[in-house]
1. If you build a Gaussian network model of the chain, linking Cα atoms that sit under 10 Å apart, which residue out of 102, 152, 28 swings the most?
2. Rounded to two decimals, what ratio of Rg to Rh does the range 10-100 give with C-alpha atoms and a Kirkwood Rh?
3. With the calculation restricted to Cα positions, what are the radius of gyration and Dmax of the range 109-186 in angstrom?
4. Of the residues 103, 85, 30, which exhibits the maximal mean-square fluctuation in a Gaussian network model of the chain defined by a 10 Å Cα contact cut-off?
5. Most exposed first by the Cβ proxy, i.e. fewest other Cβ within 10 Å, how do 159, 23 rank?
6. Distance between the C-alpha centers of the range 24-56 and the range 153-192? Whole Å please.
7. Could you list the residues of the range 82-105 with an amide nitrogen less than 12 Å from a label point located 7 Å from the Cα of residue 10 in the Cα-to-C-beta direction?
8. Over the range 10-100, calculate the relative contact order: mean separation of alpha carbon pairs under 8 Å at least 6 apart, over the residue count, as a percent.
């Protein structure tokens with residue numbers, strides 16, 4: 001039985017790319033032709049956010065989000081999309097040897113807002129994007145894209161033994177203005 005759906009909308013593609021910049025990940029199961037996306041968050045803090053993602057990607061999904069027990073008594077809330085050829089294209093673009101990388105992208109504000117909702121935070125007068133799992137080259141590429149495409153100045157910031165992206169204070173307000181209208185109400189606390 002075919003488990004694929006029609007083409008992604010521009011909004012869905014932007015959301016999925018934002019998720020890949022953040023916590024989302026794509027997989028291709030052995031023996032399967034196409035990739036699928038898994039969304040998995042803590043139910044306590046981010047249930048509404050998972051529900052928003054589900055609503056936006058609903059036509060790609062067979063069943064609604066469900067709770068599951070995770071590590072250390074954590075209750076997770078997750079869903080999976082169906083397999084999709086366009087997700088396979090994104091998998092081939094964003095993964096090298098099963099490890100997420102950052103290709104050159106034309107970012108849009110929705111991608112950045114989803115990325116921030118997934119992996120962003122506010123600290124004092126600026127914002128951080130937790131990119132610790134990306135290699136140095138991918139992080140530098142993200143910094144370059146933010147600067148070139150939106151005029152947002154950022155740099156790498158050491159976080160213990162890893163690095164993350166820190167929006168420079170002179171760009172913090174510009175960054176907030178770019179994404180604030182797209183950040184869902186239950187995630188606005190991250191903007192401060």
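Values in this text are rule-based calculations from the coordinates and carry no lab data. Keep in mind that this is a model prediction, so the values were computed, not measured. Neighbour counts run over all protein chains shown; Cβ positions are idealised from the backbone, glycine included.
1. Maximum fluctuation in the GNM of the chain, among the listed residues, is at 28.
2. Values: Rg = 13.1 Å, Rh = 13.6 Å.
Ratio of gyration radius to Kirkwood radius: 0.96.
3. Expressed in Å, the Cα Rg and Dmax of the range 109-186 come to 11.7, 34.
4. Among 103, 85, 30, the largest mean-square fluctuation in the Gaussian network model of the chain belongs to 30.
5. On the way: 159 13, 23 18.
By the 10 Å Cβ count, ascending, the order reads 159, 23.
6. For the range 24-56 versus the range 153-192, the Cα centre distance is 23 Å.
7. Backbone N within reach: none found.
8. Details: 121 pairs, mean separation 26.9, N = 91.
In percent, rounded to a whole number, it is 30.
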